[in-house]
Each structure stands twice: as C-alpha cells, then as structure tokens.
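To start, the structure under review is shown below, and the notes come after it.
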C-alpha cells in the first residue's frame, strides 16, 4: 500500500513539473520567438533538458550513483529548481501586469477624435503600420475608408472631373494635387513608406510578451543569484538570551553555539564545513551543539568533507544528535565518524554540565530502524530540580519535552523555510519555524540552519549560527 501511495505521489509531482515547464516554455519561448527560429529551438531543448537534470539531482544519491555524477548533476539540477520557483512566481505577477500594458499601449496609439477601433464616423482607424489612403486617392467601394455616394458626387472647384467627347489629346502632366487618379491605380494597394519598410516592428502583443518575459526572467534569476551568494558566503551569527528559572547563578551567562542543518553534500563540501567551524570558534562558546542534518551522503563520500569539525573548540566540548538526513545516509556510520572527530553523540542520553542537564534524543526518522527518540531513557530518571536543555532535531517533539519537564529545547530542521514562501509550508508542519517560543514551562528555540538542502539558495531565511546565552533568574 505504501508503495502505491509513493508511486501516485511521484506521478502527481511529475505531472505538476510538466505543467509548470509547459507554462514557462509558452511565456518565455512560445510567446516571444518566431516559429523555427534558433531561439525557439534552444528554448525547447532547455525545457526538456533542465527538468531531467533536476530529477537526476534529486534521485542520483538515493539510487547509489557515483559521487562524481551526483556532483555533476547537483549544481545545475538543484539551481534550476530554485529558478523554476521564482521564474514562475514572477510570471504570475506578470499575468496581472500584461493586460494593463496592452490597454495602456492601445490608448497611447489612439488618435484624437477617434475611438480605439475606428474614427468618429465609424470607419476603422487601421492597424499600426497599415497603409492609409492618400489625399485625393480613390478607394474601392466596399473597402475600409471608401467614399459614400454623396461624397463621390460632390466635387470642389479645385478637383474638376471632365469626360472627353473625343479621343484625349496630349496635355502637360498634371500636378499631384490636380491630376485625377486612374481607376486601375486607385484599386492598387498603396506602396509602404520607407519607414514602414525599414522598421515594421513587432506586434503590440509580441512587444508586451517580450517586456513581461524579460522582466520576469531578470527578477527570478536575480533572486536566485542573491540567495545563492548568501549560502556560499556562509552563515551569520545571531545571539539570543534565554532565562531559565532553575539555572543556578554559577551557570549564568553560559553560551551554547547552536548549529543545525549543515548539509554537507555534493554541493556544500569541505570549504563549507571550514567556514562554519571558523565562525563557531570566533564566538568562543562554552559548548557547541550540532543538532542534526549534518550530511547528505555516506561517510565514504563525505567523510573528508566533515573532517574540519575536529577543529571545533569549546570549554565543555561539542555534542551531536542525529537528524532525519543522517538516516538517509547511514546514521550508525556517521555517529561513529563524528565521535572520531571529537564530537560527543547523545543517542537518547544525558550528561551533567555546570549547573544543568544536557540531553539529546535521536531523530524520529530513526524509528524506521528501531533507533527513534526515547525520552524516558534520556530524561526519565533525572533530578527535576535541575534545569534541563534538550537537543532534538525536529521541533515537533516539543510536546514530549514539555511532558518530561525540559526547560529549553534546541532544534533545527525547518531551515526557516529556506525559500520564500516555503516558510508558510514549514509552518503547517512545525510548531515553530524560526526563533524562540514558549510552550507551557518549556521554551523552544529553532535555528534556521547553517547550510541548505536541495538548491544552495536561501530567500527570506538567511543561514545562521546562534549563540544561546543562558540567564539565571537568581543572578
């Protein structure tokens, strides 16, 4: 049954991706390029290749593809997913602007004393660039602009019409203002002017499509570029003070550097880890808490990229709990590896540190392997007169923390939404998406994370490392 549901979800996702790519092709390619042109062919090829790269980036790690292939697919495939999101959002805004531009251009092209589709007398005004009858030129009856019967009969003295009784004699050429126009000439279409022949220009609709498409492309790609720069630059440091009623005066000012969702993987590698370690060490913390989703890949592929973690420095050590992505990547192997790097894994365990208890539980994703969170084992027999700080990757376990008398839970997982409007979706699945909130007697702090999953892009949710300073109310 689960396999059937998974297959149906996969089909829905593929259908949605296909529909969105079809929409993007229509607006960026179909509406702005000529059939058979090189630009249209290139755009059509991209509409097929880019989604294939994205699917390859998302599935290559799960199917055991060589790590070098995962790296080749990851950059273009994941970046295109971010581009797809913001190009689509920009085009949806363009759908509102498009009719306004068309109306504005139509009003601008209108002539004084005429309606948009005709003259005051009811004759069509003609399309931009369409030849119009010259002064004194006859127009075939039934065509736009043809004179009425009364207009054809009425003549002025300056435009006489005579019918010769005998064969016409040779006369001097008449001037352009006086010469009558032969019927054969009058029925022929008027030649285009030099300006019309040299600059026919795109149609109004084509012009608007190119303006809206160009603006949407610029806005979407600029957003993705800025979000990518933010991730590659590395996380910033923010500071939060959390008062705890049970914290003794001796532990007042204790500083915990909280880092989550580092996501070492095919895109973010050793240099990313080094930036994070340097940023943490610069804060001179008393303790480092790595609260899950350290990696996206196996120890064999990413063990060397995680090695800079051995350089973490804190007076009371560095601690680690698993996240859901560790269980996609070989959790047991990673727990052993981080232990070799000098971090202390808290697998449903607790230690006493300077006036409070520090506990950690496995991520709920470990339940599929019989290694899920065990709050009784981590917190069941402790002295509740002491303050307790819990490391748990996902915020959703806050209710278990409240039940077990935890004073402060430190979590990650949400990425703060990572890509706006992802924060709205993250809020549907998590009690807190970012920052500090209170649940009964328990406070919950959620970090936005130091890395990124999937697209190495963050919009509206910059990466961070948070220094949580514990404050004693007795001080």
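We did not get these values from a lab; they are worked out from the coordinates using the rules stated. Predicted, not measured: the structure shown is a model, and the values here were computed from it. FYI the Cβ positions are ideal-geometry reconstructions off the backbone, even for glycines, and counts take in every protein chain you see.
Let me know the shape class of the stretch 260-378, please: from the alpha-carbon gyration tensor, a ≥ b ≥ c as square roots of the eigenvalues, rounded when a/c is under 1.5, otherwise prolate if a/b is greater than b/c, or oblate. Note, shape of the stretch 260-378 comes out oblate.
Here 415, 325, 316 are placed in order of increasing Cβ neighbour count within 10 Å, fewest first, which gives 316, 325, 415. For the stretch 430-470, the fraction of alpha-carbon pairs lying more than 15 Å apart is 50 percent, rounded to a whole number. Taking N as the residue count of the stretch 334-475, its C-alpha radius of gyration divided by 2.2 N^0.38 Å amounts to 1.08. Here the average projected area of the convex hull drawn through the C-alpha atoms of the stretch 329-386 stands at 4.6 nm². Our Cα-only numbers for the stretch 1-117 put the radius of gyration and Dmax at 20.4, 72 Å. When 244, 221, 428 are arranged by Cβ crowding within 10 Å, least crowded first, meaning fewest neighbours, the order is 428, 221, 244. Site pair residue 109 and residue 204 shows an inter-label distance of 0.5 nm when each label is modelled 7 Å from Cα along Cα→Cβ.
For the stretch 1-68 versus the stretch 333-396, the inter-centroid distance based on Cα atoms is 41 Å. Extension gain for residue 55-residue 233 works out to 61.4 nm (0.36 nm per residue, less the C-alpha to C-alpha distance).
Taking 7 Å steps out from each Cα toward its Cβ at residue 307 and residue 240 produces label points 3.4 nm apart. Across q = 0.17 Å⁻¹, the stretch 235-472 modelled as identical point scatterers on its alpha-carbon atoms has Debye log10 I(q)/I(0) values of -1.27, in the order of the q list.
Across the stretch 238-294, counting alpha-carbon atoms alone, Rg and Dmax equal 14.1, 45 Å.
For the modelled label position 7 Å from the Cα of residue 270 along Cα-to-Cβ, which residues of the stretch 293-327 have backbone nitrogen atoms closer than 19 Å? Answer for this model: 295-312. Distance between the modelled labels on residue 97 and residue 250, one decimal in nanometres: 6.4 nm (7 Å Cα→Cβ projection). Residue exposure proxy: 439, 226, 319, ordered by other Cβ atoms within 10 angstrom of their Cβ from fewest to most, comes out as 226, 439, 319.
By the equivalent-ellipsoid construction on the alpha carbon gyration tensor, the stretch 14-77 comes out with semi-axes of 28, 13, 7 Å, ordered largest to smallest.
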